[in-house]
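One structure is given below, encoded as structure tokens.
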Amino acid sequence: MRISLAGAVAALGLLAAGAPAQAATVVLELTLDLATPQDAGCCFTAGWRGFGSFSPESSFSLEAGDTLDYTIRFGAGQTLTLIDPTFFWAFWYGDASSDVNATGSLELLDADGAVLFATTAKTDDEGSAHFGQQFSDGDFGGLPSSVTFAGLRYVGTLNSYAEPDVTTRLYYDPQVLFSAGEAQVGVGTVPEPAAWALMVVGFAGLGAGLRRRRRTAAALA
């Protein structure tokens, strides 16, 4: 049986049309400046929302089956200490309302990006126009009464949208919320150039003083 070139191209087109779309992974790394004003919402101890606190500005779309790999690093020298933490939530608002089913996990990171505490993966439903699951201290297997960290990483797969007319959704508004007995922001300091210059002069003076002492001691010996 002979198949013309046009027929082969048409057949390939039909196969491509019937093939399922490949799932995508969206990888993002944002910086959160903890020194910006907090927006704790209705029922959380601390929180930050939007690109006044997060940078760089970005947006992305997710379809069913897509994965979000989302890392948040706090500003230089910044840490967050939670006393008696109960809930963590790193998520994005989108442009359409639909419940979603998701499977994901959350990690708390130190200043070098190493994992301090991590949840096991869990699957649940969440409502409204956002994506990113809430995690409790129990999802971590229990946390100490005081937790200090310098960033978070959420990795979650959006399994399905509940609304049949929502097949993809644009996400454009990041937010992080915490619930705890108390939240303390630690802000490290980096010496200004003038301060570095004074430190260098000071070290040079200290070295010269030590050399003079050695010469005096040798002369007296």
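The numbers here are math on the coordinates, done by the rules we state, and not lab data. As the structure is a computational prediction, the values presented were derived from the model and not from experiment. Glycine also receives a Cβ, built like all others from the backbone with ideal geometry; neighbour counts cover every protein chain displayed.
What is the percent of Cα-Cα separations in segment 55-113 that go past 14 Å?
Numbers: 1183 of 1711 pairs.
That tail contains 69 percent of the Cα-Cα pairs.
Taking R0 as 41 Å, what's the FRET efficiency between Thr168 and Ser145 from their Cβ-Cβ distance, rounded to 0.05?
Approximately 0.45, to the nearest 0.05.
Amide H of Thr45 versus every other amide H placed in the peptide plane: which residues, excluding those fewer than 5 positions away on the same chain, fall under 5 Å?
For Thr45, the qualifying residues are Phe178, Ser179, Ala180.
For segment 16-187, what does the alpha-carbon gyration tensor say about shape, rounded, prolate or oblate, given a ≥ b ≥ c as the root eigenvalues, a/c under 1.5 as rounded, and a/b over b/c as prolate?
Here segment 16-187 falls in the prolate category.
What residues qualify as long-range amide H neighbours of Gly186, i.e. H under 5 Å apart, gap of 5 or more or another chain, H built at 1.01 Å from N?
For Gly186, the qualifying residues are Thr79, Leu80, Thr81.
Extending each Cα 7 Å along its Cβ direction at Ala111 and Ser97, get the distance between those two points in nm, one decimal.
4.4
Once amide H atoms are placed 1.01 Å from N in the peptide plane, what residues at a sequence separation of 5 or more from Leu116, or on another chain, have their amide H within under 5 Å of its amide H?
Residues meeting the criterion, in which the H sits 1.01 Å from N, are Leu108, Leu109, Asp110.
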